[in-house]
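Participant: Right, I'll just put the structure down here and ask away after.
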Amino acid sequence: MPRLRALAVDIDGTLTINRGIFTLDLEAINMLRELSSHGIHIILVTGNSLPVTAGLARYLGFDYSPHVAENGCMVFYRGSRIRTCTGDASTAARLVEEHLSDILYPSWQNPYRHCDYAFNLRSGVDPQAALEKVRNLLHREGLEGISIGYSGYAIHVKPSCVSKARGLLKALELVGVKTTETVAIGDSALDVELKHASAVLVAVGNADEELKQAAHIVAPGRSSESVKWLVKLLLEKNLELDGLLSQ
Ligand SMILES: O=C(O)COP(=O)(O)O
């Protein structure tokens with residue numbers, strides 16, 4: 001197996017100190033910076049909007065690499081915005097906003113989004129029940145080609161062509177890195193897609209069961225503790241991916 005050239009990292013629930021909160025783990029960020037000092041691309045792959053993703057990448061010191069926003073719909077690289085697929089979920093998003101305002105409210109980032117729209121759960125609402133209601137609404141209204149998912153933070157409504165794998169593949173193409181040279185780490189069911197764009201998919205220890213089942217490795221610790229464990233392991237192995245899967 002080749003050497004590591006890119007690490008794809010989800011943000012919410014992965015770089016944060018736990019799932020459901022927004023506080024970044026500065027120790028994990030520093031370890032990622034160390035990895036980047038070895039020439040490894042640190043690629044943020046997230047459901048957040050492009051301005052949030054690009055801004056965060058800049059202030060964390062990772063803006064030499066491409067980053068993936070809106071669950072794969074948008075890639076940002078050297079000031080350029082690249083849309084990975086067409087398709088429009090704006091009608092679906094408007095319907096959700098109009099009909100399900102008793103259980104969901106739109107993310108403040110929605111006005112800055114191009115094709116993936118996020119909705120926060122009102123307090124006490126069960127995510128699976130909310131997903132079911134969104135699914136039924138879109139079915140009733142005859143909307144096709146829309147996929148929905150829950151990140152642990154928000155329900156996302158997006159065209160079916162949008163996936164984190166598609167976004168990551170575009171980002172890797174921009175810097176000439178192969179999927180066989182890429183490791184990915186995430187926390188939610190929406191990160192399962194990353195398996196199609198990486199050699200090794202790692203689930204944080206407190207990840208959704210669906211991701212744990214799909215991942216090659218379930219890391220010890222929760223959220224950013226798992227990231228630190230992975231970076232330490234990669235450095236110990238001199239960035240050789242050989243043997244990583246036996247963890
Ligand atoms: O935007 C969200 O809902 C979650 O973002 P994430 O993909 O970084 O976990």
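Participant: Express the carbon and sulfur contribution to the solvent-accessible surface of region 90-159 as a percent, rounded to the nearest whole number, probe 1.4 angstrom.
Facilitator: 48 percent
Participant: Mean residue ellipticity at 222 nm from the helices of the chain, using -39,500 (n - 2.57) per DSSP H segment of n ≥ 4 over the full residue count, to the nearest 500 deg cm²/dmol?
Facilitator: The helix-only estimate for the chain comes to -9500 deg cm²/dmol at 222 nm.
Participant: Just the accessible area per residue of region 100-247, please: how many Å² with a 1.4 Å probe?
Facilitator: 44 Å²
Participant: Taking only C-alpha pairs under 8 Å that are 6+ residues apart, what is the relative contact order of the chain in percent?
Facilitator: 24 percent
Participant: Charges only on Cβ, +1 for Lys and Arg, -1 for Asp and Glu: so what's the dipole of the chain about the Cα centre, in debye to the nearest 20?
Facilitator: About 520 debye.
Participant: Along the Cα→Cβ direction, 7 angstrom out, place labels at Asp88 and Leu233. What is the inter-label distance in nm?
Facilitator: Distance between label points: 4.5 nm.
Participant: Compute for the chain: radius of gyration divided by Kirkwood radius, i.e. Rg/Rh, restricted to C-alpha atoms, rounded to two decimals.
Facilitator: Ratio of gyration radius to Kirkwood radius for the chain: 0.96.
Participant: Less than 17 Å from a label point 7 Å out along the Cα-to-Cβ axis of Asp126: which backbone N atoms in region 202-216 qualify, by residue?
Facilitator: Answer for region 202-216: 209.
Participant: Please list, in order, the residues from region 217-245 whose amide nitrogen is less than 18 Å from a point placed 7 Å along the Cα→Cβ vector of Leu26.
Facilitator: Backbone N within reach: 224-225, 228.
Participant: While we're on this one: Whole Å is fine, so just give me how far the alpha carbon centre of region 47-78 lies from that of region 183-247.
Facilitator: 20 Å
Participant: May I ask you to give the solvent-accessible area per residue for region 1-71, in square angstrom, as obtained with a 1.4 angstrom probe?
Facilitator: With the other protein chains kept in place, region 1-71 gives 37 Å² per residue.
Participant: I need the peptides 153-163, 21-31, 187-197 ranked by packing, meaning the mean over residues of other C-beta atoms within 10 angstrom, with the highest value on top.
Facilitator: 187-197, 153-163, 21-31
Participant: Under the rule of at least 5 residues apart or a separate chain, name every residue whose amide H is placed under 5 Å from the amide H of Ile146.
Facilitator: Ser160
The values are calculated or read from the model by the stated rules, or taken from the named source; none is laboratory data. In this text, all values refer to a predicted model and were calculated from it rather than measured experimentally. We place every Cβ from the backbone using ideal geometry, glycine too, and count neighbours over all the protein chains shown. With ligands, DNA and RNA removed, areas are computed over all heavy atoms of the protein, side chains included. Shrake-Rupley method; radii C 1.70, N 1.55, O 1.52, S 1.80 Å.
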